[in-house]
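The values are calculated or read from the model by the stated rules, or taken from the named source; none is laboratory data. Just so it is clear, the structure is predicted and the values come from calculations on it, not from any experiment. All Cβ positions, even for glycine, are placed from backbone atoms using ideal geometry, and neighbour counts span all protein chains on display. Heads up: the accessible areas ignore ligands, DNA and RNA and are worked out on the full protein's heavy atoms, side chains in. Shrake-Rupley method; radii C 1.70, N 1.55, O 1.52, S 1.80 Å.
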Amino acid sequence: MNNEKYEITDIAHEKYPFLHRIRALRDIRPGVRAGDLGGFVESEHNLSFEPGDNAWIYDDAICCNDGYVDRGAILQDEAIVCDDGYISHNAVMKGHSRVEDGAYVRGAVLNDHARVSGCAIVRQSTETGHVPILSGHCSVYGNVSGGVRLIGGTVIISGEGIYNDTPDILVINGQSRSVNRDSSRDVLGSQKPTPQRAQKRTKGVER
């Protein structure tokens, strides 16, 4: 398939000359018109040019090695995706954030100096649609999912999982953990029983 989305220019990165700026060949998304320059890539294997995919690399952001950006994800500022890092599904990377090694980021937001490393997975909740937001100098080597805010110097180690598929937001700042509770959860409402709920109750009694 021909790349009709962007071209790789001769404009080399000042520090890493094996990287070159991209230039849009068509209008891609709001604020990115045909002819606009983008960030840096090592090859066409770093940024999707599938039809309809508006993933983009802005400013001085970088995707290199076998890193890959697709499905509406964007890199801004001086964010970096390298090694086998993969960001997808409208994920956003800003500041000096970094995705490296074999890490996968799906639909999350990375700010400041947030880093996702190793075989980490940071992803949007399929239940609530909430996305993890990483800020400060936090580092993730494990798994993070759903409405989770990692700030400060928080470290999620390899093998550790932080999963939140509730409407609440879990806030983790180093060793401190708090909850921003969704106010709608404190309001009671009527709910008609369903066959599935009745079946659960029956099973619960049998146990």
Problem set entry | Candidate aspartates and glutamates for bridging to Lys15, where Cα separation is under 14 Å - those fewer than 8 sequence places away on the same chain excluded | Glu42, Asp60, Glu78
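For Asp77 and Ala34, FRET efficiency with R0 = 30 Å and r from the beta-carbon atoms, rounded to 0.05?
About 0.85, to the nearest 0.05.
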Exercise. Roughly how many Å² of His20 are accessible to a 1.4 Å probe, to the nearest 10?
Worked result: 50
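If the viscosity is 0.692 mPa s and the temperature 37 °C, what translational diffusion coefficient in µm²/s does Stokes-Einstein give for the chain when Rh comes from Kirkwood over Cα pairs?
In µm²/s, the coefficient rounds to 178.
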Problem set entry | Point-to-point label distance, Arg185-Ser43, nm (Cα→Cβ direction, 7 Å offset) | 4.7
Problem set entry | Charge context of Asp83, other residues only, Cβ under 15 angstrom, K/R +1, D/E -1 | -3
For this session: Give, in whole angstrom and from largest to smallest, the semi-axes √(5λ) of the equivalent ellipsoid of the stretch 35-103, with λ running over the eigenvalues of the Cα gyration tensor.
Result: 15, 13, 11
Seminar exercise, completed: Val32 neighbourhood, Cβ < 13 Å, K/R = +1, D/E = -1, net charge +1
For this session: Heavy atoms only, probe 1.4 Å: what % of the accessible area of the chain goes to carbon and sulfur, would you let me know?
Result: 47
Exercise. Principal axis lengths of the stretch 1-122 from Cα atoms, whole Å, largest first?
Worked result: 34, 31, 26
